[in-house]
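The values are calculated or read from the model by the stated rules, or taken from the named source; none is laboratory data. Owing to the predicted nature of the structure, the values given are computational and were not obtained by experimental measurement. Reconstructed Cβ throughout: ideal geometry from the backbone, glycine too, with neighbour counts over all protein chains shown.
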Amino acid sequence: MKKSNLISLDSLSLQGFDENSELIPLMTPEDEEKINSEELPETLPILSLRNTVLFPGVVIPITAGRDKSIKLINDANNGSKVIGVVSQKDESVEDPKAGDVNAIGTVARILKVLKMPDGNTTVIIQGKKRFGIAEVITEEPYMNATIREVPEAKPALQNKEFEAIVESIKELALQIIKDSPNIPSEASFAIKNIESDSFLINFVSSNMNLSVSDKQALLEKNDLKERALETLKYMNMELQKLELRNDIQSKVQSDMNQQQREYFLHQQMKTIQEELGSNNEQEIEEMQERAKTKKWNDDVASHFDKEIKKMQRMNPQVAEYSIQRNYLELFLDLPWNEFSKDKFDLKRAKKILDRDHYGLDDVKKRIIEYLAVLKLRNDMKSPILCLYGPPGVGKTSLGKSIAEALGREYVRMSLGGLRDEAEIRGHRKTYIGAMPGRILQHLKKAGTSNPVFVLDEIDKLANSHQGDPSSALLEVLDPEQNSEFHDNFLELGFDLSKVMFIATSNSLGSIQPALRDRMEIINVTGYTIEEKVEIAKRHLLPKQLKEHGLKDEHLKIGKPQLEKIVEGYTRESGVRGLEKQVAKMVRYAAMKIAMEEEYNVKVSNEDVIEILGSPKLERDKYENNEVAGVVTGLAWTSVGGDILFIESILSKGKGTLSITGNLGKVMKESATIAMEYIKANADEFGINPDIFDKYNVHIHVPEGATPKDGPSAGVTMLTSLVSLFTQRKVKKSLAMTGEITLRGKVLPVGGIKEKILAAKRARIKEILLCEENRRDIEEIKPEYVKGLTFHYVTDMKDVLKLALTKQKVKNPKAL
């Protein structure tokens, strides 16, 4: 037999074969004749196959996993090596019986048995001739049956039609092998070397991509010519499908555009990532679905698509992947062009503002004006308001009321101690742990692009080596620029022009001038005693009762008692300290109720002293005018207005001037100016010039631990010194404020309302001011200045005429 007629077992793609694999001869006509002449045994062990059909002459590998099949193979291999092979009607049946297998099968010879590593047995068998099951004898330990030979009708020799069919089968087989990428080219070598027509038909039928039932139908055809025609029909169908598939593949490949190429690469990457155990495809798909609902413009959408494709190409194990994911999630969470609808009911808005805040008429008026313009125009760049005033006057809580009045979301960002520019503008994505700025983070939290945004404590921004956050706020708070606010993390402009920014500040001096210029300053001054009493009655007491679990009938504090608390226990322009004292009263009531002890539901003055202790702030009251050189001044502090006592005294010496009381540079200069002015005009004031050489002058401002500075004490120091040198008394219940020049001119100062409130708290009756401060008094409500007398001056001589009496103190020093 020629070597060309041999085919290796390895060509069967069997696993587990070693290098000593046998060579199986292809069936020749002589072999076929020999097989046909062999007599079949009367009985055979029957091996059932799940998913294939064995044809005569064909060699196939069978993997046996069932115990019955393994025993059958072992027994046959040790015996005659001949078995009957039939296919199952239903491959899902685990233990087939006589009725579960086809009646027609193929007698097979066992060529080789292999033990596989997984415990299964692989057997190489070769079909011989067809048979039919006559009767199943036993089914245990495996199926045995009596068989009968099923003869095959072959065409006569020299049958031109049959020869043409066989030739067509061979040509089609070679064509299919050539066109199919899944069939090795060596298969064409085997086809060309098959000499037996019947074996060619069986070999092709066995290897065609057909179902088990179709192959069984071919096997059961007794007429070889009919089987050949049926095989040819299936081969034509297979070739047509293959040509169509190749045609489509070629067409798709030629028409594949960039998008399809990227999709193909993406699918490959998905498979690789699945193998690595890191599949982020679902996460990306969710992001893409969310992106469809966003209201962003084309530029933003294009940028998002670019960035999400970048994320698809990233390995999820690298550090940059988490930054990219956070970046895309920020894109999806930001409220791009999402706005809440403003409510333009001005009466309702005014009602809400009046409900939540007593007083503050200027602020409420400005908010109503803004709403009115917005209602008429329906599109307006939001102004940048800055509520400026002492602590506890309701600046921050005003933001909540404004948000409710407008029907907008409310967000608050505390700027106190902020010293990193990245807190405003965000970090660049190149840094590990990069984050967007707090402006965008709060907008994400708000869920709309037009909230009321409170920037709390804008005067307490700090500078450091990490940048200047106040400069970073310039773009945020500029109505002409903030429509394209650039965050370093976002890398795109975000529209802040519809956000209503409200800044709060205790001091304007520490705000950068350029930043201050971008805001509309609204002065929220302190409250009068009457206002504090009303606020305590309407807001503070009900709030504290609720927070402590009490009801209105458990504690009642009348206006006289509230006024006593305000005057004796609080020293502030706001009401934060007052609220603490009210809370102390409520806690006392709560303790009595919890301990089931009696107490006065209606609080008396004695109860106030018993609960809060003796009044602590009597020192704020005006003292007396019995001592020369003591003058009451008015000062502005970060917590509101306050009264300031300036004392002067003479001692024997060489005419030196000493100034104490933790004073700043400006106040020391004011003292020096006052002293030089007095020396220049000593004759006019009736002062002996020799005093300046024989006596030392000491000026002191009490409470030396408290730093003091500002331009408001000039007239007070000069009056104190003239009173000291002349030993004339200062008018009773008089306070003053103002700055002076070397020429004796009185200059205007600020913080007038806070100073007036401080004067009222101290029971001052008369106030001396610069003429130019008259307009400040006219802006204050008449009821706030009721009981006060104002003197407006332009020159220091007028101050002395009004402030000093002609009466000298008792027992004056001999000057």
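A few points about this structure:
- Of all residues in the range 431-444, none satisfies being touching a Pro at 6+ places or on another chain (Cβ under 8 Å), more than 23 Å from Ser340 (Cβ to Cβ), in a loop (DSSP other than H, G, I, E, B) and not basic (Lys, Arg).
- Scope the range 343-399; condition aromatic (Phe, Trp, Tyr) and touching a strand residue (DSSP E or B) at 6+ places or on another chain (Cβ under 7 Å); matching residues: Tyr388
- Residue selected from the range 629-653 under the condition at pLDDT 85 or above and part of a loop (DSSP other than H, G, I, E, B), by the criterion farthest from the chain's Cα centre (by Cα): Gly653
- Residue in the range 665-683 that is surrounded by fewer than 17 Cβ atoms within 10 Å (Cβ to Cβ), assigned by the TED database to the domain that holds Gly744, among the β-branched types (Val, Ile, Thr) and under 60 Å from the mean Cα position of the chain (by Cα) present: yes
- Members of the range 562-596 found to be in contact with a Lys or Arg (Cβ under 9 Å, 6 or more places away or on another chain) and of a type in the set (S, T, N, Q), listed by number: Thr570
- For the range 82-104, a residue qualifies if it is of a type in the set (Gly, Ala, Ser) and either in a helix (DSSP H, G or I) or touching a Lys or Arg at 6+ places or on another chain (Cβ under 7 Å) (or both), and the qualifying residues are Ala98, Gly99.
- Close pairs from the range 697-720: first in contact (Cβ under 8 Å) with a residue 60 or more places away in the chain, partner of a type in the set (Ser, Thr, Tyr) and assigned to a helix (DSSP H, G or I), Cβ under 7 Å, at least 6 apart: Ala713/Ser670; Met717/Ser670; Leu718/Tyr677
- Selection from the range 369-420 of residues that are among the acidic types (Asp, Glu), assigned to a loop (DSSP other than H, G, I, E, B) and either at pLDDT 85 or above or within 19 Å of Asp356 (Cβ to Cβ) (or both): Glu409
- Sole residue being charged (D, E, K, R) and touching a Lys or Arg at 6+ places or on another chain (Cβ under 8 Å), chosen from Glu152, Glu163, Glu171: Glu152
- The listed residue being surrounded by 13 or more Cβ atoms within 10 Å (Cβ to Cβ), more than 60 Å from the chain's Cα centre (by Cα) and part of a helix (DSSP H, G or I), out of Ser168, Ser213: Ser168
- Among the residues listed as Ser573, Ser510, Ser497, Ser505, the single one being surrounded by fewer than 20 Cβ atoms within 10 Å (Cβ to Cβ), in contact with a helix residue (DSSP H, G or I) (Cβ under 8 Å, 6 or more places away or on another chain), touching a residue at least 12 places away in the same chain (Cβ under 8 Å) and within 20 Å of Thr396 (Cα to Cα): Ser510
- Hits in the range 764-785 (condition: among the hydrophobic types (A, V, I, L, M, F, W, C) and within 17 Å of Ser712 (Cα to Cα)): Ile767, Leu768, Leu769, Cys770, Ile777
- Some residue of the range 127-136 being crowded, with 16+ Cβ neighbours inside 10 Å, touching a helix residue (DSSP H, G or I) at 6+ places or on another chain (Cβ under 8 Å) and part of a loop (DSSP other than H, G, I, E, B): no
- Only one of Arg516, Arg538 that is modelled with pLDDT of 85 or more, buried (at least 16 other Cβ atoms within 10 Å of the Cβ) and not in a loop (DSSP other than H, G, I, E, B): Arg516
- Listed by position, the strands (runs of 3 or more DSSP E) inside the range 688-799 whose residues that are of a type in the set (Lys, Arg) and buried (at least 17 other Cβ atoms within 10 Å of the Cβ) number at least 2 are 728-730.
- Pairs linking a residue in the range 429-451 that is in contact (Cβ under 8 Å) with a residue 40 or more places away in the chain and more than 13 Å from Asn488 (Cα to Cα) to a residue that is assigned to a loop (DSSP other than H, G, I, E, B) and hydroxyl-bearing (Ser, Thr, Tyr), with Cβ atoms under 6 Å and 6 or more positions apart or on different chains, are Thr448/Ser340.
- Sole residue being surrounded by fewer than 17 Cβ atoms within 10 Å (Cβ to Cβ), among the charged types (D, E, K, R) and in contact (Cβ under 8 Å) with a residue 24 or more places away in the chain, chosen from Glu404, Glu369, Glu329: Glu329
- Condition check for Ala462 on (1) out of contact with any Leu (no Cβ under 8 Å at 6 or more places or on another chain); (2) surrounded by fewer than 17 Cβ atoms within 10 Å (Cβ to Cβ): one failure, at (1).
- So Ser658, is it part of a helix (DSSP H, G or I) and not basic (Lys, Arg): no
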